[in-house]
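Taken together, the values in this text are just the output of simple stated rules run on the coordinates, not laboratory data. Worth saying up front: this structure is predicted, and the values here are computed from it rather than measured.
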Amino acid sequence: MAGGKSLQREPTARDANGTFLRDGDTVALIKDLKVRGTSSALNMGAKTKQIRIIDGDHDIDCKTDLEQMMLKSEFLKKSKNENCFHFLEAAMFLCYLSRFDNSPQIICGEMK
């Protein structure tokens, strides 16, 4: 290649709903999965944080409740960002509380 750059394709993966997954996403299992070589299973709804996309049949590398393992993206769905939800929930609660306080402050983005 000219300039010493090589074209390297980044691995991609889609979850069960067709949403593109990226490194670092949080995903949840959509069904119970038996783990080969053990008597245990991963339960539906179990969340896994900080996934890594890799090439291959099992295209997700992650750390589960049991151990480090590789999973197929077809058994996963992308989880919503929980931190964002808790932040919005807290902001709405503060807006509600501020209605009972007469001190000047910023309430829901407006100066009161």
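Rounded to whole numbers, the Karplus 3J(HN,Hα) couplings from phi for segment 24-39 are x, 5, 9, 10, 10, 6, 9, 7, 5, 10, 6, 9, 4, x, 9, 9 Hz, using 6.51 cos²θ - 1.76 cosθ + 1.60 with θ = phi - 60°, and x at Gly and Pro. Here segment 8-78 yields Rg over Rh of 0.95, to two decimals, using C-alpha coordinates and the Kirkwood radius.
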